[in-house]
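The values are calculated or read from the model by the stated rules, or taken from the named source; none is laboratory data. This one's a predicted model, so the numbers in the text were calculated from it and none came from an experiment. All Cβ positions, even for glycine, are placed from backbone atoms using ideal geometry, and neighbour counts span all protein chains on display.
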Amino acid sequence: MIPKQIAIVGGGPAGLMAAETLSAAGHRVTVYESMPTVGRKFLLAGKSGLNLTHSEDDEIFVSRFGAATARLRPALDRLRPKDIRAWAAGLGTETFVGTSGRVFPKAMKASPLLRAWLARLEKQGVVIRTRHRWTGWTNGALTFETPHGTLTIEPDATLLALGGASWPRLGSDAAWTAWLGARAIEIEPFRPANCGFDIEWSDIFRQRFAGAPIKSVTASSPAGIMSGEFVVTESGIEGSLVYAHAAALRDRLQSTGHAELVLDLAPGRSTERLAADLFRQSTKASFANRLRKGAGLDGVKAALLREMVPEANQLQPDALAKLLKALPLPVLRCRPIAEAISSAGGVSWNGVDERYMLTALPGVFVAGEMLDWEAPTGGYLLTACLATGKAAAIGIEDWLRT
């Protein structure tokens, strides 16, 4: 086999996994990254403990990708969660399964894994060019803005792994949509995913409780019923439980203009038991004491009840119990996409073949968050980025042989 020159545009997980796969097969691979260093979003994700993947059953895992499941399945089948754990171990990063089923490095950091990964790529001959910002094509050749002027190259194959539209300060600013759009590539509009939401808090509630966690609650939306916790922010709410419902809330807002997260503030008690416990409280006691003794609610949870239903203190025990088990929390809008953990939208699957090649641009492949898919947090995002990077690399090899 004669080695080919392959350009990978984007130094995130998808691009680096493709570089590893292609260089291991003997190809000459150069990664072009617009930022001063590669893997910046990868490192940010690792600040709170890098969630590599998830330990749940493979069939359940694959189902987390919604409408994109059918297109992503071959890639996810090729690089399963157990394979990612083995890959990390091969780089000297042992992993463990947390209580939620999520998989983390034992070091709870991304930097050691990234350093080992880059060392492997260097050993395999991968060249990484930072501060090289792709600016589209000129007469069919890739062009880059670099510290030394404009660079023009004509590789044998190109992989675009430029990310979506979230966290643009880390490099994924979606500027590429203009250049692909000019080539008649169909692009679905970007939308925030795994995002927070604005709520119209009163000044008093905002000043007193912004930053406070709301723990041990159950929330329901069109996405289903899930338990967990979230955080009150100055503008609304964010956190893992909110992100689990984010896509459903976003889509409901878009279709109807109204959406709400319904909270069970006392998931450990039935409505009947709550009503009985509240009924036993003295009517002479303050509402705060009745909530605390009868329902186990105080602090931010009690304040949230008052915020949403100011007249709650006038309700009879049975009505109050029903409210505590199903407190509506109306959301006004998604937080800006720049704040979102990830984004939905991107290159439409209609224009991508089974090798991850753009059908309108032979020899140009796409991977990672550029593609139109989304998933909840929990290791699904990173797994799919790695899996599509590997799948695109295999697609490039197949195309180069034809």
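Just need a number here: residues in the range 145-173 that are assigned to a strand (DSSP E or B) and buried (at least 16 other Cβ atoms within 10 Å of the Cβ). Steps first, answer last, please.
From the range 145-173, those assigned to a strand (DSSP E or B) are 145-146, 149-153, 157-160; that's our starting set.
Retained after the next criterion (residues that are buried (at least 16 other Cβ atoms within 10 Å of the Cβ)): 151, 157-160.
Residues flagged as assigned to a strand (DSSP E or B) and buried (at least 16 other Cβ atoms within 10 Å of the Cβ) within the range 145-173 amount to 5.
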Whether any residue in the range 261-283 is of a type outside the set (A, V, I, L, M) and touching a Pro at 6+ places or on another chain (Cβ under 6 Å) is what I want to check.
yes
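Would you check if Pro330 is part of a strand (DSSP E or B) and under 30 Å from Ala302 (Cβ atoms)?
In short, yes.
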Would it be correct to say that Ile204 is within 22 Å of the chain's Cα centre (by Cα), of a type in the set (Val, Ile, Thr), more than 15 Å from Met35 (Cα to Cα) and modelled with pLDDT of 95 or more?
no
Across (1) surrounded by fewer than 16 Cβ atoms within 10 Å (Cβ to Cβ); (2) under 29 Å from the mean Cα position of the chain (by Cα), Arg102 clears everything bar (1)
Taking the condition farther than 14 Å from Lys390 by Cα, surrounded by fewer than 20 Cβ atoms within 10 Å (Cβ to Cβ) and polar (S, T, N, Q), does Ser55 pass?
yes
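Condition test on Gly228, is it assigned to a loop (DSSP other than H, G, I, E, B) and without any contact (Cβ under 8 Å) to a residue 40 or more places away in the chain?
So Gly228 does not fit the description; no.
Among the residues of the range 236-290, how many are among the basic types (Lys, Arg) and under 30 Å from Ala375 (Cα atoms)?
2
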Just give me the residues in the range 127-144 being free of Cβ contacts under 8 Å to residues at least 24 places away in the same chain and outside any strand (DSSP E or B), in sequence order.
Asn139, Gly140
If we scan the range 373-387, do we find a residue that is over 25 Å from Ser55 (Cα atoms), touching a strand residue (DSSP E or B) at 6+ places or on another chain (Cβ under 9 Å) and not assigned by TED's automatic domain parsing to the domain that holds Val309?
no
What is the number of the single condition among (1) without any contact (Cβ under 8 Å) to a residue 40 or more places away in the chain; (2) outside any helix (DSSP H, G or I) that Glu374 does not meet?
(1)
List, please: which pairs have Cβ atoms under 6 Å, are six or more places apart or on different chains, and start with a residue in the range 96-120 that is in the same structural domain as Tyr380 (by TED's automatic domain parsing) and end with one that is part of a loop (DSSP other than H, G, I, E, B) and of a type in the set (Lys, Arg)?
Phe96/Lys106
